[in-house]
1. Is it fair to say residue 5 is out of contact with any Asp or Glu (no Cβ under 8 Å at 6 or more places or on another chain), basic (Lys, Arg) and surrounded by fewer than 18 Cβ atoms within 10 Å (Cβ to Cβ)?
2. Checking residue 49 against (1) touching a residue at least 12 places away in the same chain (Cβ under 8 Å); (2) assigned to a helix (DSSP H, G or I), which single condition isn't satisfied?
3. Looking only at residues that are away from ligand 1 (no atom under 15 Å from the Cβ) and in a helix (DSSP H, G or I) in the range 304-328, which one is surrounded by the most Cβ atoms within 10 Å (Cβ to Cβ)?
4. Among the residues of the range 245-303, write down those that are among the aliphatic types (A, V, I, L, M), part of a helix (DSSP H, G or I) and within 15 Å of ligand 2 (Cβ to nearest atom).
5. Could you check, for the range 50-57, whether at least one of its residues is in contact with a helix residue (DSSP H, G or I) (Cβ under 9 Å, 6 or more places away or on another chain) and within 16 Å of ligand 2 (Cβ to nearest atom)?
6. Of all residues being of a type in the set (A, V, I, L, M) and touching a strand residue (DSSP E or B) at 6+ places or on another chain (Cβ under 7 Å) in the range 165-187, which is farthest from residue 16 (Cα to Cα)? Just the residue, please.
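Values quoted throughout were computed directly from the atomic coordinates according to the rules given, and no laboratory measurement underlies them. What you see is a predicted model, and the numbers here were worked out from it, not measured in a lab. Cβ atoms come from the backbone with ideal geometry, glycine included; neighbour counts cover every protein chain shown.
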Amino acid sequence: MSDQKVILVTGGTGLVGQAIRILTEKEERRNDERWVFIGSKDGDLSNLEETRAIYNKYKPNYVIHLAAMVGGLYHNMSNNLEFLRKNIHINDNVLQTSFEYDVKKVISCLSTCIFPDKTTYPIDETMVHNGPPHPSNYGYSYAKRLIDIANHAYYEKHKCIFTSVTPCNVFGPYDNFNPEHSHVIPGLIGRLYRLISQSIFIQSIYKPENSNAESFTVLGSGRPLRQFIYSYDLARLIIWALRNYEEVETIILSVDEKDEVSIKDAASAVAEAFNFKGNLVFDTSAADGQYKKTANNGKLRKYLPDFQFTPFNQAIKETVDWYIKYVNEARN
Ligand code: NAP
Ligand code: GDP
């Protein structure tokens, strides 16, 4: 059908991309849209020629740009140079090729973790460039900030509607559960799953009265605060932005400030979802990262005052159930 808009989702095989795919195959399906989800096997977006080949193949009218080198605190801390360079290359190739192919709108993804480390709270959309980011992830942060700069420059020079959304921490099915690379929620889910599996295995052989495997280790002090958004809620908001959001300025896509939780609370929710009755132990030799990055979603609320976020414990339970079911196919 030639009157269909082609919407290309880079990073379409990842956490957020898969949530968008599932929604657009069901309740968000529209006959005048054709969605194309690509991952790194379809081409390396840090390579300009491979990026052009993808655009030449699909000729997108709209682009949701999610592809990025992404990782949790510990992956960022030891790889700032790679996060900086890889993401600068990917973003420059995607935006410039979108311009060359006359794409009508590009929605890229920033993150609340790129905001200044020393700041007043809550943070809002006006504060992205106000000061240096937290030292743990400056490579990723500066590469992401440059998307916002580029979006304004493309608008100034060519009137392109290249914009961005700024999510808080995301989690859900299809996340990256690799212990070295993962963010906190998939890191905790993977570790508790392995702990419980190991404990069941040991008990089935030795039947000890009380296994030592009753301590669930949380990295850091557990005190830092985070806002977590379920990937399906974020996907719904990104689809809304694609169809309705016309500003070049970024928009924060976050749960409300009152829904911020501590890492300890998040670990307790994971433990509860597994019905784990053991203790939480905090490994304070591991870094805590940024204490908090509390973001204000007032701009989003002006557009969508009644948007309902999935309750945190329910979303955690659904993610844990998904992981248990698909553990062999998940990114471990
Ligand atoms: P993810 O699960 O790690 O997925 C990353 C995606 O990018 C995958 O589809 C991957 O493809 C693709 N990709 C990576 N390098 C590529 C390359 N060189 N060429 C082509 N594709 C490449 O990431 P996510 O969590 O869904 O994140 C999506 C977006 O949201 C990112 O821009 C991220 O910065 C942003 N964000 C994430 C969070 C979070 O907590 N996860 C929070 C705020 C913002 P393959 O898997 O096929 O290799
Ligand atoms: P951030 O929100 O950008 O800092 O990234 P993360 O999603 O990696 O969250 C990091 C916070 O979770 C820090 O306070 C860590 O100390 C804490 N944390 C606890 N356990 C883990 C874990 O297993 N993996 C990760 N990545 N962080 C953990």
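1. no
2. Condition not satisfied by residue 49: (1).
3. Per the stated criteria, the residue is 320.
4. Narrowing the range 245-303 to residues among the aliphatic types (A, V, I, L, M): 248, 251-253, 255, 261, 263, 266-267, 269-271, 273, 280-281, 286-287, 295, 300.
Next, from what is left, pick out any that are part of a helix (DSSP H, G or I): 263, 266-267, 269-271, 273, 300.
Once the filter is applied, which keeps residues that are among the aliphatic types (A, V, I, L, M), part of a helix (DSSP H, G or I) and within 15 Å of ligand 2 (Cβ to nearest atom), the range 245-303 yields 263, 266, 267, 269, 270, 271.
5. No - not one qualifying residue is present in the range 50-57.
6. Taking the range 165-187 first, the residues of a type in the set (A, V, I, L, M) are 165, 170, 184-185.
After this cut, where a residue has to be touching a strand residue (DSSP E or B) at 6+ places or on another chain (Cβ under 7 Å) as well, the list is 165, 170, 185.
Values: 165: 12, 170: 8, 185: 15 Å.
This residue is 185.
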